[in-house]
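Working notes, beginning with the structure itself.
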Protein chains: 4
Amino acid sequence: MRVIADLCVVPLGIGVSVSKEVAACERVLSEAGLKTRLHAYGTNIEGEWDDVFAAIKRCHEVVHAMGAPRISSTLRFGTRTDRGQTMDEKVRSVEEKLAR
Amino acid sequence: MRVIADLCVVPLGIGVSVSKEVAACERVLSEAGLKTRLHAYGTNIEGEWDDVFAAIKRCHEVVHAMGAPRISSTLRFGTRTDRGQTMDEKVRSVEEKLAR
Amino acid sequence: MRVIADLCVVPLGIGVSVSKEVAACERVLSEAGLKTRLHAYGTNIEGEWDDVFAAIKRCHEVVHAMGAPRISSTLRFGTRTDRGQTMDEKVRSVEEKLAR
Amino acid sequence: MRVIADLCVVPLGIGVSVSKEVAACERVLSEAGLKTRLHAYGTNIEGEWDDVFAAIKRCHEVVHAMGAPRISSTLRFGTRTDRGQTMDEKVRSVEEKLAR
């Protein structure tokens, strides 16, 4: 089962700056071979369900190991059985309607 | 790693009523032995990381099998290494502050 | 336009314990006359759109005033034009399916 | 109060394809003069609190007017009082850590 997800990891107890931890998660996701795209409030992720969720677990493990005692993350995740769809196709589909 | 999560499963392509599918997810989660609490915009879930996420995958599989061609879910999920904390403790902690 | 929402306010830069700030938001929401229900990962809110979102803004103002330099919140929010629906009806609709 | 938000609008009851409605929201947001950036699972939005939330309300009104009887949206939204920060700065801050 393919999934397109959008992850936002929020470490607590380490002050206001969390970009170092977010960067570590980016590395975890790309080392897992997943297709990702960073944006201003999270990261798009595309891949097989088990690969995506194993990498998300690894993100929490890594951010805890960096010193964050608490993490509160949010995830949007979508699956479909009617047809395959990539992150790029999702964006293009909206942009085509905008161009009309 | 223990996790407290909050899941909201939104099936698309089956009309406006989704309570049958949400009920099916409730069954999946409780059959997985997880502690859950249904509310008006999702379900609190508490358990070991792998158990929680295996059950969430099963929710998507079951809702697709019920006929939904597309699902867009959202999840909040929190872990902490400083101490254990249950769903009940989280609520009680806020209610104690409210009582003062 | 009526809205049913689910709010989770996460203050950053004040340590791992955030229950005092969450309790302050509960007070803001109930002083605004909104129907609310606290759960382990957020708060259900029901009311008119403008009232709900004015109270959410007030939550951010109050939590900043309590000393949190940064807040990262998440919100689910649903509207419908086919019929009215309350938080209680949403929960009951799922529970009826579970009882079968 | 400036806010950086991330909006994902999910119309229900109109089938599996929702790109036309998402495109309509993009138009609403840009006509409101807000800075936005579409990604594969939502749209980043930057602006003054009242402008951002007025535009989000308009999105729901427009998508209902297009025929969707039900909408279930999700929003991440962040404010900070310690310093200003733009969407571009948030992304750059992570990318700088990745480059090291």
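The values are calculated or read from the model by the stated rules, or taken from the named source; none is laboratory data. Keep in mind that this is a model prediction, so the values were computed, not measured. A quick note on method: Cβ atoms are made from the backbone with ideal geometry, for glycine too, and the neighbour counts reach across all protein chains shown. Remember, those area values only see protein heavy atoms, side chains included, never the ligands or the DNA or RNA. Shrake-Rupley method; radii C 1.70, N 1.55, O 1.52, S 1.80 Å.
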Under 19 Å from the Cα of C:Lys57 - aspartates and glutamates, other chains or at least 8 residues apart:
C:Asp6, C:Glu21, C:Glu26, C:Glu31, C:Glu46, C:Glu48, D:Asp6, D:Glu46, D:Glu48, D:Asp50, D:Asp51, D:Asp82
Given a 10 angstrom Cα cut-off, can you work out which residue in C:Gly15, C:Gly47, C:Gly33 is the most mobile in a GNM of chain C?
C:Gly15
So which cysteines in chain A don't have a second cysteine's C-beta under 4.7 Å from them?
A:Cys8
Sort shortest first the distances from B:Ser30 to its counterpart in every other copy, using label points 7 Å along the Cα-to-beta-carbon line, and give them in nm.
2.8, 4.6, 4.9
As a test question: what accessible area, to the nearest 10 Å², does A:Thr36 have when a 1.4 Å probe is rolled over all protein chains in place?
40
List the lysines whose alpha-carbon lies under 18 Å from that of D:Lys97, not counting same-chain residues fewer than 8 positions away?
A:Lys20
With only helices counted (DSSP H, runs n ≥ 4, each -39500 (n - 2.57)), the per-residue ellipticity at 222 nm for chain C, to the nearest 500, works out to -14000 deg cm²/dmol
Of C:Gly47, C:Val28, C:Phe77, which is farthest on the positive side of the dipole of chain C, counting Cα position, with +1 on Lys and Arg Cβ, -1 on Asp and Glu Cβ, and the Cα centre as origin?
C:Phe77
Among A:Pro11, A:Ser93, A:Val62, the residue whose Cα sits farthest towards the positive end of the charge dipole of chain A (+1 at Cβ of Lys and Arg, -1 at Cβ of Asp and Glu, taken about the Cα centre) is A:Ser93
Only four residue types carry charge here, +1 at the Cβ of Lys and Arg and -1 at the Cβ of Asp and Glu. Report the dipole size of the range C:31-72 about the Cα centre in Debye, rounded to the nearest 20.
240
At the level of C-alpha centres, the distance separating the range A:23-100 and the range C:1-79, in angstrom, is 26
Using only Cα atoms, what is the ratio of the radius of gyration of the protein assembly as shown to 2.2 N^0.38 Å?
0.91
In nm, to one decimal, how far is the C:Asp82 label point from the C:Glu48 one, both placed 7 Å along Cα→Cβ?
2.6
Quickly work out the A:Arg100-to-B:Arg100 label distance, labels modelled 7 Å from Cα along the C-beta direction, and quote it in nm with one decimal.
5.6
Contact order relative to length of the range A:11-65, as percent, for alpha carbon pairs under 8 angstrom and 6 or more apart:
34
Considering all alpha-carbon pairs of the range B:1-46, what whole percent are spaced by more than 17 angstrom?
32
Degrees, to the nearest 10: C:87-99 long Cα axis against longest axis of chain C
60
Magnitude of the Cβ-charge dipole of the protein assembly as shown, K/R +1 and D/E -1, about the Cα centre, nearest 20 debye?
0
Taking R0 as 51 Å and r as the Cβ-Cβ distance between D:Met66 and C:Ser30, the FRET efficiency 1/(1 + (r/R0)^6), rounded to the nearest 0.05, comes to 0.90
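Using unit Cβ charges (K, R positive; D, E negative) and no other charged atoms, how large, in debye to the nearest 20, is the dipole of chain B about its Cα centre?
That gives a dipole near 220 debye.
Can you give the alpha-carbon Rg of chain A over 2.2 N^0.38 Å, where N counts its residues? The partial results should precede the final answer.
Values: Rg = 14.8 Å, N = 100, 2.2 N^0.38 = 12.7 Å.
Expressed relative to 2.2 N^0.38 Å, the Cα Rg reads 1.17.
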Taking 8 Å as the Cα distance limit and 6 or more residues as the minimum spacing, I'd like the relative contact order of chain D as a percentage.
42
